[in-house]
1. Which residue, of Tyr147, Tyr140, is surrounded by fewer than 19 Cβ atoms within 10 Å (Cβ to Cβ), aromatic (Phe, Trp, Tyr) and part of a strand (DSSP E or B)?
2. Report, by residue number, each residue of region 306-358 that is closer than 21 Å to Ser279 by Cα, outside any helix (DSSP H, G or I) and either of a type in the set (S, T, N, Q) or in contact (Cβ under 8 Å) with a residue 60 or more places away in the chain (or both).
3. Given the conditions (1) under 22 Å from Glu261 (Cα atoms); (2) surrounded by fewer than 23 Cβ atoms within 10 Å (Cβ to Cβ), and given that Leu48 satisfies all but one, which numbered condition is not satisfied?
4. Every residue in region 285-342 that is away from ligand 1 (no atom under 16 Å from the Cβ), farther than 20 Å from Leu173 by Cβ and among the hydrophobic types (A, V, I, L, M, F, W, C), please.
5. Pick from region 169-201 the residues that are loosely packed, with under 14 Cβ neighbours inside 10 Å and β-branched (Val, Ile, Thr): which of them is farthest from the chain's Cα centre (by Cα)?
6. For the subset of region 95-137 comprising residues that are assigned to a helix (DSSP H, G or I) and basic (Lys, Arg), which member is nearest to Gln50 (Cα to Cα)?
7. Give region 252-294 a look and list any residue that's assigned to a helix (DSSP H, G or I) and surrounded by fewer than 18 Cβ atoms within 10 Å (Cβ to Cβ), or say none.
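The values are calculated or read from the model by the stated rules, or taken from the named source; none is laboratory data. The structure displayed is predicted, hence computed values, not measured ones. Every residue, glycine among them, receives a Cβ derived from its backbone with ideal geometry; neighbour counts consider all protein chains shown.
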Amino acid sequence: MRTQVAIIGAGPAGLTLGRLLEKAGIDAVIVERKSADYVLSRIRAGVLEQASVELLSSIGVDTRMNAEGIIHEGVELSFDGDMLRIDFEGLIGRHVMVYGQTEVTRDLMDARIQTGGKTVYEAEDVEILDFDTATPRVRYRKDGETYEIACDFIAGCDGFHGVSRQSVPEAALKIYERVYPFGWLGVLVEQPPVAEELIYAHHHRGFALCSMRSHTRSRYYVQVDAAEKVEDWSDDTFWDELRARLNPEVAEALKTGPSIEKSIAPLRSFVAEPVRFNSLFLAGDAAHIVPPTGAKGLNMAIHDVGLLASALTEYYAEKSEAGLDAYSEKLLANTWRTERFSWWMTQLLHTFPETGPFGRKIQRADFDYLKASIHARRTLAENYTGFRPEAG
Ligand code: RFL
Ligand code: PHB
């Protein structure tokens, strides 16, 4: 088989890139290790920046998003029960949209089925070959047969544990990493959300987040030790712990029920540099990981593939490599800006046993500064809704 761009991974990065290339008349094949149903069963992100909504609209996957997505003009912070609203719309005239990653993925998959774009699901032993040359190849096995795809470029959109980044010789990569000593235990429940907006709560027992997927389906998280096992958390234990970390009035209003999904996600900050290796381009979680506190991972993935699609379009339309050559530097500028914000939100809101009473006083001072200063709140609002330097 031959194509122009082989895309590894059918998560949000790979599927969005597939759609962007299709729109630009560039041929692409997506190779995914899991089944489509498995990809859709992963409950992950819930918040889209305005720029992500705009990009998804520009490729025509916005019908359901516009109908079902919920615009949020702010978020609430809670510090030991003391509440502070960050009014995005009032502070900087921007907002975000609550629309689950599962739904974004489903819309992209449906669009790809309609246009007949080729996706190979359940591809085993995916290998990427000769990406240091201009004639790279992708090899995989399916149903006992081995297949090869010859291409011009490979887009590594296969997430943190994927094969793309791991195929790059160690010496060619610089890794920056911070692994946090805790994770997020998340529960999905068929109940209306406790509040109209998201609540990010700091509490001495640990961080908690009240989020949602719709007006009838809620998503809640509590910070847990990295060694915790999800089997050790009954639904009742989870609800008790969540209530204990919220403002008492909020806790009172919480509507609980049997969990539809329950899982623990580890927290990590991770950046690989560079993100281009001749014909191979990394994008999304394959290139970087942020802790979920700033709601950025999915948005970064969409940003990255927007950049990559523009560079590839320029290459095929104008025979110019300028965009491809600038890819790594441009992507990393956005990556580090977003890493900083996600790290800052994480350190403000979680408990870090190792920093002791001094650390907690600094966190409180940070929260009080947000309460007192419109500039501090604007900074948070600007970053949460998605800072783009070109917009000033
Ligand atoms: P994905 O989604 O991991 O998709 C990669 C795909 O590649 C496949 N794959 C392979 N395919 C072929 N060959 C191989 N060898 C392969 N290895 C892997 C995988 O099966 C998969 O289908 O990466 P992508 O596309 O870069 O998308 C990134 C986002 O999924 C991720 O950043 C977000 O989910 C992060 N995230 C959040 N981001 C936000 O923007 N807002 C949020 O509110 C938000 N909340 C979250 C989150 C992530 C969480 N977890 C579970 C880490 C909340 C949580 C709890
Ligand atoms: C979610 O709804 O899953 C969610 C929302 C905001 C975050 C992280 C996760 O910062």
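1. Result: Tyr147 is the single residue among Tyr147, Tyr140 that is surrounded by fewer than 19 Cβ atoms within 10 Å (Cβ to Cβ), aromatic (Phe, Trp, Tyr) and part of a strand (DSSP E or B).
2. Selection gives Ser320 alone.
3. (2)
4. Matches in region 285-342: Ala311, Leu312, Ala317, Ala322.
5. For region 169-201, the residue satisfying everything is Ile175.
6. My answer is Arg106.
7. Answer for region 252-294, where residues must be assigned to a helix (DSSP H, G or I) and surrounded by fewer than 18 Cβ atoms within 10 Å (Cβ to Cβ): Glu252, Ala253.
For (1) farther than 22 Å from Leu267 by Cα; (2) within 14 Å of ligand 2 (Cβ to nearest atom); (3) assigned to a helix (DSSP H, G or I); (4) in contact with a Phe, Trp or Tyr (Cβ under 9 Å, 6 or more places away or on another chain), each residue gets a yes or a no:
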position: Ile175; (1), (2), (3), (4): no, no, no, yes
position: Val179; (1), (2), (3), (4): no, no, no, yes
position: Val187; (1), (2), (3), (4): no, yes, no, yes
position: Pro192; (1), (2), (3), (4): yes, no, no, no
position: Leu209; (1), (2), (3), (4): no, yes, no, yes
position: Glu231; (1), (2), (3), (4): no, no, yes, no
position: Asp236; (1), (2), (3), (4): yes, no, yes, no
position: Glu241; (1), (2), (3), (4): no, no, yes, yes
